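Please treat every number below as a calculation from the coordinates, not as lab data. Just so it is clear, the structure is predicted and the values come from calculations on it, not from any experiment. Every residue, glycine among them, receives a Cβ derived from its backbone with ideal geometry; neighbour counts consider all protein chains shown.
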Amino acid sequence: YCATGGHDPAHTPTPAAGEASSTGIATITFDALYVVNGADNSISVINTETNEVAGTIALKNAAFPHHVYLRADRSKLALAVPGIDLSGGHGGGHGGGTPTPGIVMLLDATTGATLKARKLPTMNHNAAFAPSGEIWTTQMAEAGKVLALDGTTLEDKGSIDVGASPAEVTFS
């Protein structure tokens, strides 16, 4: 990511108690690589010019983040938080019994600050930006769904019923 502007903390919403949130870092002014650290509930930001960790975005009330995607205009990150540890594989924990809630987080790509977070009824695997700017994510349940969310508010734009336990979404 190559940042072109600064971040105004006055425009960052304050999350409610118990809501998923992040602790931002100094404004990124370099090409960056974002690395999700599932067991640490964080995102490492690597400066690709120096190959060093330049900062770590700490997540709160967001257990086991799994995938992060950069919006095409490089202004926001979509983060999927399935709520369970998928590091040992994707084969268990999402087929039956009590559903594990998931979370979609929208972060400022230049600081890691939380712009919006939304709890989902069932775990999700990833959250990807559509060319239109919407965020699409899955609901990994027996009666699986793909959700389309507003790319700013995370409000429902629609859903599509698909097969059991859908995982990845991506765009051509």
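K119 sits among other residues whose Cβ lies under 14 Å from its own Cβ, and their net charge, with Lys and Arg +1 and Asp and Glu -1, is 0.
Peptides 62-69, 25-32, 158-165, 107-114: what's the order by average Cβ count within 10 Å, highest mean first?
Per-residue mean Cβ counts within 10 Å order the peptides as 107-114, 62-69, 25-32, 158-165.
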